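*Asks:* I am attaching a structure below and will ask some questions about it afterwards.
The values are calculated or read from the model by the stated rules, or taken from the named source; none is laboratory data. Note that this is a predicted model, so its numbers are computed, not measured. Neighbour counts run over all protein chains shown; Cβ positions are idealised from the backbone, glycine included.
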Amino acid sequence: MVRANGGWLIRVSAWFDYMLVRVRQRLEPGKRSEFLLFLLLTASLTVTAYANGDDCGSGMAPFDQPALDSFNLEKHVNAERTLVEEASREQTLVKSPHGFWLAPSPWNGTLYGANVTNANWYFTQWHNPGRKFQPFAGHSTATRSGRLIDLGGQWEIAQSGYNLPPDTEFSVFASPIRADIYPSHPPAISTSGPLSEMEYLHHTIGFMPKHERMVAEVDQNHGGYLSAIVLKNTEAGDSLYYQLALRSINRRPHHGWWQWSGPRWGYCDTILNFEESIAAVGERKFYHLDLLPRLKKILRNAANGVDSDPSHWVVVGAYHGSHIWGDVRLTGVWDSYSLRVRYKQM
């Protein structure tokens, strides 16, 4: 290395900046802290040693002081210390799907038939009107009432209500495994801190309604697609199911409470309240939403006895997919799922 005229120092600075960029690109925010601190310590010790004229017998000239000043190690350290502190405030609540299990209908707390051995998500099949889904054969499974396909980065949910009464809901949801419900399987979701301590709660999801058909034109027959999170009240133990409707069939977009009593509360929202448009059949939409302001507003305006204190509510679960009532056929394709939180600086 040539240190004359600050050349070596400039190379150290370039290497340091390059490594920081790679860290930001390749590591999850929650995993950056230790590695960033290692880089800071390495650069600090290296620059200090050479700045003090420790040539190790190389016979090279020491740094010019202007070159050392131009490096501004303190500025780098302070900037990256800020980055480390910010990274510690971020949390990935839900891991991306790596294979799917199946939950039986009726639900009994077990899983079966995964397409990979270490799958961390699963599909529900609430009130399946036909035979339950058979174990995955490769990356798909089908029955007369539906079809599930793991496309690797995308997953497809198809439903058929061929003998489903219009007053009965048949829902198929993809959900990350929770450790408290399925302790023998790898979890894909972590419990968050209270809503009151959050700066944002970002949810991203890709969605395309691929096919829809109303077999019988009956007013009661309808269906739709949604993405939802489950919140838990740390004081009373109540649950709140917040369901965000992305598209509806034979129903107008609406919002309001659909479960009015504890210990399970339910609120249905519409994507229109986020100033987003509804996907047409065959059109893929990518939604990037901050759910936190909407959740706080819903709790603040609740007049049905639900606990309105955001410091009492944490995120414990999530799901997305479709549901139908009556003889409705639909297929949705999903991708790019993410649920992330950033906490306030305390």
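*Asks:* Only one of Leu289, Leu299, Leu295 is part of a strand (DSSP E or B) and surrounded by 15 or more Cβ atoms within 10 Å (Cβ to Cβ). Can you tell me which? First the steps, then the outcome.
*Replies:* Values: Leu299 fails: part of a strand (DSSP E or B); Leu295 fails: part of a strand (DSSP E or B).
That would be Leu289, the only listed residue that is part of a strand (DSSP E or B) and surrounded by 15 or more Cβ atoms within 10 Å (Cβ to Cβ).
*Asks:* Does region 193-200 include one or more residues that are touching a residue at least 24 places away in the same chain (Cβ under 8 Å), touching a Gly at 6+ places or on another chain (Cβ under 9 Å) and under 27 Å from Asn304 (Cβ atoms)?
*Replies:* First, pick out the residues of region 193-200 that are touching a residue at least 24 places away in the same chain (Cβ under 8 Å): 193-200.
Restricting the remaining residues to those that are touching a Gly at 6+ places or on another chain (Cβ under 9 Å) gives none.
No: region 193-200 contains no residue that is touching a residue at least 24 places away in the same chain (Cβ under 8 Å), touching a Gly at 6+ places or on another chain (Cβ under 9 Å) and under 27 Å from Asn304 (Cβ atoms).
*Asks:* Among (1) more than 18 Å from the chain's Cα centre (by Cα); (2) under 16 Å from His98 (Cα atoms); (3) among the small types (Gly, Ala, Ser), where does Ala174 come up short?
*Replies:* Among (1) more than 18 Å from the chain's Cα centre (by Cα); (2) under 16 Å from His98 (Cα atoms); (3) among the small types (Gly, Ala, Ser), Ala174 violates only (1).
*Asks:* Take the residues in region 104-135 that are without any contact (Cβ under 8 Å) to a residue 40 or more places away in the chain and touching a Leu at 6+ places or on another chain (Cβ under 6 Å), then tell me which one is nearest to Asp327 (Cα to Cα).
*Replies:* Per the criteria, the residue is Phe133.
*Asks:* Out of all the residues in region 269-283, which are over 18 Å from His211 (Cα atoms) and hydrophobic (A, V, I, L, M, F, W, C)?
*Replies:* First pass over region 269-283, keeping only residues over 18 Å from His211 (Cα atoms): 269-277.
Ile271, Leu272, Phe274, listed by residue number.
*Asks:* Let me ask something else about it. Could you tell me which numbered condition Trp257 fails, if it satisfies all but one of (1) at pLDDT 95 or above; (2) farther than 14 Å from Leu339 by Cβ; (3) not in a loop (DSSP other than H, G, I, E, B)?
*Replies:* (1)
*Asks:* Considering only region 314-330, how many residues are closer than 18 Å to Ala228 by Cα and in contact with a Lys or Arg (Cβ under 7 Å, 6 or more places away or on another chain)?
*Replies:* As a first pass, look at region 314-330 and keep what is closer than 18 Å to Ala228 by Cα: 314-324.
From the residues that got through so far, the ones that are in contact with a Lys or Arg (Cβ under 7 Å, 6 or more places away or on another chain) too are 314, 316-317.
Within region 314-330, residues that are closer than 18 Å to Ala228 by Cα and in contact with a Lys or Arg (Cβ under 7 Å, 6 or more places away or on another chain) number 3.
*Asks:* If you don't mind, there's one more thing I want to ask. Tally up the residues in region 128-137 that are loosely packed, with under 15 Cβ neighbours inside 10 Å and farther than 21 Å from Pro186 by Cβ, please.
*Replies:* So in region 128-137, the residues loosely packed, with under 15 Cβ neighbours inside 10 Å come out as 131, 134-135, 137.
Filter again for farther than 21 Å from Pro186 by Cβ, leaving 131, 134, 137.
Of the residues in region 128-137, 3 are loosely packed, with under 15 Cβ neighbours inside 10 Å and farther than 21 Å from Pro186 by Cβ.
*Asks:* Being touching a Leu at 6+ places or on another chain (Cβ under 6 Å), part of a strand (DSSP E or B), of a type in the set (A, V, I, L, M, F, W, C) and modelled with pLDDT of 90 or more narrows it down to one residue among Leu148, Leu93; which is it?
*Replies:* Sole residue among the options that is touching a Leu at 6+ places or on another chain (Cβ under 6 Å), part of a strand (DSSP E or B), of a type in the set (A, V, I, L, M, F, W, C) and modelled with pLDDT of 90 or more: Leu93.
*Asks:* Consider region 260-280. How many of its residues are in a loop (DSSP other than H, G, I, E, B), touching a strand residue (DSSP E or B) at 6+ places or on another chain (Cβ under 7 Å) and surrounded by 13 or more Cβ atoms within 10 Å (Cβ to Cβ)? Working first, answer last.
*Replies:* Just the residues of region 260-280 that are in a loop (DSSP other than H, G, I, E, B), to begin with: 262-263, 275-280.
Adding the requirement that they be touching a strand residue (DSSP E or B) at 6+ places or on another chain (Cβ under 7 Å) leaves 263, 276, 278-279.
Imposing the further condition that a residue be surrounded by 13 or more Cβ atoms within 10 Å (Cβ to Cβ) reduces the set to 276, 278-279.
Of the residues in that region, 3 qualify.
*Asks:* Among the residues of region 253-300, write down those that are under 22 Å from the mean Cα position of the chain (by Cα), of a type in the set (Gly, Ala, Ser) and closer than 26 Å to Asp238 by Cβ.
*Replies:* Of everything in region 253-300, just one residue is under 22 Å from the mean Cα position of the chain (by Cα), of a type in the set (Gly, Ala, Ser) and closer than 26 Å to Asp238 by Cβ, namely Gly266.
*Asks:* Please give the number of the condition Ala179 fails out of (1) among the small types (Gly, Ala, Ser); (2) farther than 25 Å from Leu93 by Cα; (3) surrounded by fewer than 15 Cβ atoms within 10 Å (Cβ to Cβ).
*Replies:* Among (1) among the small types (Gly, Ala, Ser); (2) farther than 25 Å from Leu93 by Cα; (3) surrounded by fewer than 15 Cβ atoms within 10 Å (Cβ to Cβ), Ala179 violates only (2).
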